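Take a look at the structure below.
The values are calculated or read from the model by the stated rules, or taken from the named source; none is laboratory data. Note that the structure is a prediction, hence the values are computed from the model and not measured. Note that we place each Cβ from the backbone using ideal geometry, even for glycine, and neighbour counts take in every protein chain shown.
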Amino acid sequence: MTGIHFPIEGVAYCPPADAARYFKSGAWVDDTLGGALRRTAQRTPDQPAFISDERSITFAELNERSGRLGAALHQAGLRPGDRAIFQMGTTIDTVIALMGCYKAGVVPVCAVPQYREVEIGQLSEQSEPRAYFVQADFSAFDLTGFARGMARRHPSIEHLIVARGGSPAAPGPVAEHGMDALIDSISYEQAVDVLAGVPIGSEDVLSFQLSGGTTGVPKIIPRFHAEYIGHALACMRQLGQTPQSRLIWSLPLLHNAGQLYALVPAVAGGMTTVLMPRVDIARMLELIEQHHVTHGMSIGPVAPQMIAYQDIARHDLSSLELFGTMTRADALEAHLGVPCFNLFGTTEGLLLGAGARFPAVVRHRTQGFSGCPDDDIRLLVPGTEEAAAPGTPGELCFRGPSSLRGYYKRPKLPHSH
């Protein structure tokens, strides 16, 4: 399964010697995300993969529905390496849509539903997508109508796939499909046959993630099957997560963090994930209690709102083993009464953290470790290759199995060492 079966022009791939080393060390896993889900579904078919207030889905159901969607996308004419813009929220439908694409080799361009003309226009020009996934009921804004307009402006877009409502528009230059209708158009048995003819390699591109956009327009960061699975599993080990763990996630699922902390650990690691469509601290604490959640993550607004929440004592948080935050882990731990750690992450490839087994001084006074022995992380005197002296600030530089080797179509742009 190793190798690049569907090369995409403009993607900087890992040099073969490095790839071989990463496979040998176990930092990369020779599998695809679709293959990983099939194996998890065989092992624990009836275990909930994702739980939300709307519904739950088992690993067997997720494997079946995503397989049918992937095969339907293939039958609609989409091919491995084709790109699809994504504007969807944190729902089980988003998981099915992503996994359907991953099985078909279609590469999601992981935008967020809040993006408008400028960002979607730039991403469409850069990535030349053939498909566009939207969630009809994300907000009062007419995301489906917006997507139709963007598709008219960008002739590469041939298919609009609408999840969660709305009837397709009259026939036009862009084929509109309801996501459920696509799934219903093919049986699982047929889907298995169709996808058997789509041999994706573990070194193929999985998704196009987006940088923080510090230069204005988000830059595109290719991520790969073997690399992403290895990265997520290393992170699980670092945080002490197992298939018996349960994570709660209330932030964007399309973001790199949502994929590496919530989606891939479920699909490849067999861990159940509880999804919340938006941050609501009181509801989050109720769900932790109701579903015996063991792990929580805060990036951005969650931790400050949690620290400000005065009714913690009303909730039974005895199942919680660990909660991650970007800063102030000590204050959050004092408030929750649960081990907390400071985390660090960048879509360009580095994730740092520390599980409950580490002493408080590590969890509170540092950003932890990467959990991957192949990562080379250094603090350098800015503008030099010289190591910064202990106790002095420096420029964080890293390279390793998940480190970016070049932004899509922009190889000259500077990125992490």
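With the requirement that a residue be crowded, with 21+ Cβ neighbours inside 10 Å, more than 17 Å from the chain's Cα centre (by Cα) and farther than 15 Å from Leu195 by Cα, what does segment 58-101 give you? Phe59, Asp82, listed by residue number. The lone criterion from (1) in a helix (DSSP H, G or I); (2) out of contact with any helix residue (DSSP H, G or I) (no Cβ under 8 Å at 6 or more places or on another chain) left unmet by Leu182 is number (2).
Among the conditions (1) surrounded by 22 or more Cβ atoms within 10 Å (Cβ to Cβ); (2) part of a helix (DSSP H, G or I), the only one that Pro304 does not satisfy is (1). Counting only strands (runs of 3 or more DSSP E) that sit completely within segment 4-117, those holding 1 or more residues that are free of Cβ contacts under 8 Å to residues at least 40 places away in the same chain and not hydroxyl-bearing (Ser, Thr, Tyr) correspond to 56-58.
Quickly run through segment 1-17 and pick out the residues that are closer than 12 Å to Arg405 by Cα and surrounded by fewer than 15 Cβ atoms within 10 Å (Cβ to Cβ). Across segment 1-17, the qualifying residue is only Pro15. Just to be sure before I move on: is Pro129 in a loop (DSSP other than H, G, I, E, B) and crowded, with 19+ Cβ neighbours inside 10 Å in the structure I sent? It is true that Pro129 is in a loop (DSSP other than H, G, I, E, B) and crowded, with 19+ Cβ neighbours inside 10 Å.
Number of residues in segment 104-141 that are of a type in the set (D, E, K, R) and in contact with a Lys or Arg (Cβ under 9 Å, 6 or more places away or on another chain): the value is 4.
Entry remark, segment 382-405: residues being modelled with pLDDT under 95, surrounded by 14 or more Cβ atoms within 10 Å (Cβ to Cβ) and farther than 27 Å from Leu239 by Cβ number 0 in total. Screening the candidates Ile186, Ile120, Ile157 for the property of being within 21 Å of the chain's Cα centre (by Cα) and either surrounded by 20 or more Cβ atoms within 10 Å (Cβ to Cβ) or closer than 30 Å to Glu64 by Cβ (or both) yields one hit, Ile120. Does segment 196-209 include one or more residues that are at pLDDT below 95 and acidic (Asp, Glu)? For segment 196-209, residues at pLDDT below 95 and acidic (Asp, Glu): absent. Do we find that Gln122 is out of contact with any strand residue (DSSP E or B) (no Cβ under 8 Å at 6 or more places or on another chain) and at pLDDT 95 or above in this structure? It is false that Gln122 is out of contact with any strand residue (DSSP E or B) (no Cβ under 8 Å at 6 or more places or on another chain) and at pLDDT 95 or above.
Within segment 244-300, track down each residue that is of a type in the set (A, V, I, L, M, F, W, C) and assigned to a strand (DSSP E or B). Of everything in segment 244-300, those that are of a type in the set (A, V, I, L, M, F, W, C) and assigned to a strand (DSSP E or B) turn out to be Leu247, Ile248, Trp249, Val274, Leu275, Met297. Taking the stated definitions as given, is Glu348 surrounded by fewer than 18 Cβ atoms within 10 Å (Cβ to Cβ), charged (D, E, K, R) and part of a loop (DSSP other than H, G, I, E, B)? So Glu348 fails the test. Residue check: is Gly258 under 30 Å from Asp31 (Cβ atoms) and either assigned by TED's automatic domain parsing to the domain that holds His231 or buried (at least 21 other Cβ atoms within 10 Å of the Cβ) (or both)? In short, yes.
Residue-level analysis places Met284 among those that are surrounded by 16 or more Cβ atoms within 10 Å (Cβ to Cβ), without any contact (Cβ under 8 Å) to a residue 40 or more places away in the chain and within 26 Å of Asp137 (Cα to Cα).
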